[in-house]
Amino acid sequence: MYRMPMKLAFVPLALADLWLSGCSKQPTVIARDADAGEVAAKVASAGVKFAPGAWQTQVKALDISVPGMPPEMAERMKAGMGEAHQQRSCLTRDKAARPDGDFFGQADKSCKYKTFTMAGGKIDGTLVCTHGSSTQTIKLDGTYAADSFVMDMDMQGAGPGGKAMRVRVKTEAKRVGECTAQEKAQAEADEKAAAI
């Protein structure tokens, strides 16, 4: 049975930190056939600066297409995935200064960026993930500013019974202020745990 890799659901949230750039000079990042860690290294070497603070991110599925799926099942999937999911996160100054592979797809070794370009307020790329005999291709297309971003993700792969499946997701995020003391403490604890 097909199941969408959960890590893909977090790609927009992980990538969110990339688009929180607060610098006035727009760096250019171009990567080909690179994993999340390699993309992170290119972003760091390009001098991308991140804006620390609290960010609100909303992810919503726009469309789900599975040929041959019973209409009632397709409607249930659309209803469940169509609800907007919101998450507030804290980007610490330390994390902003040293981005790592988790910013770019949870450092999932089963996924690789075929292409990745970030320049002039626009970002696009193609991420290919292989899980066993199943392959998903995710196309990214978005815009970013110092305090907000919008990203469309078009995910295509094999669905139930090996039939083609397509899911379109929209992510919107904006900086909403400073992190609370509790959010900052949790973010710093998470960073320390990840470093172990």
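Odds and ends about this structure:
- Listed by position, the strands (runs of 3 or more DSSP E) inside the stretch 1-102 whose residues that are more than 18 Å from G125 (Cα to Cα) and either open to solvent by 30 Å² or more (accessible area, probe 1.4 Å) or modelled with pLDDT of 80 or more (or both) number at least 2 are 53-65, 85-91.
- Taking the criterion of being out of contact with any Asp or Glu (no Cβ under 6 Å at 6 or more places or on another chain) and part of a strand (DSSP E or B), the residues of the stretch 141-161 that qualify are G142, T143, Y144, S148, F149, M151, M153, D154, M155, Q156, G157, A158.
- Within the stretch 149-167, the residues that satisfy the criterion of being open to solvent by 40 Å² or more (accessible area, probe 1.4 Å) and within 22 Å of I30 (Cα to Cα) are V150, D152.
- Conditions (1) open to solvent by less than 60 Å² (accessible area, probe 1.4 Å); (2) modelled with pLDDT of 85 or more; number of the one not met by K112: (1)
- Number of positions in the stretch 118-133 that are surrounded by 15 or more Cβ atoms within 10 Å (Cβ to Cβ) and small (G, A, S): 1
- Scanning the stretch 179-188 for residues that are open to solvent by less than 70 Å² (accessible area, probe 1.4 Å), in a helix (DSSP H, G or I) and at pLDDT 90 or above yields E183, A185.
- Hey, D152 in contact with a strand residue (DSSP E or B) (Cβ under 9 Å, 6 or more places away or on another chain) and modelled with pLDDT of 85 or more or not: yes
- For V176: the one exception among (1) surrounded by fewer than 21 Cβ atoms within 10 Å (Cβ to Cβ); (2) under 12 Å from the mean Cα position of the chain (by Cα); (3) of a type outside the set (D, E, K, R): (2)
The values are calculated or read from the model by the stated rules, or taken from the named source; none is laboratory data. None of the values given here were measured: they were computed from a predicted structure. Note that each Cβ is placed from the backbone with ideal geometry, even for glycine, and that neighbours are counted across all protein chains shown. Accessible surface areas use protein heavy atoms only, side chains included; no ligands, DNA or RNA. Shrake-Rupley method; radii C 1.70, N 1.55, O 1.52, S 1.80 Å.
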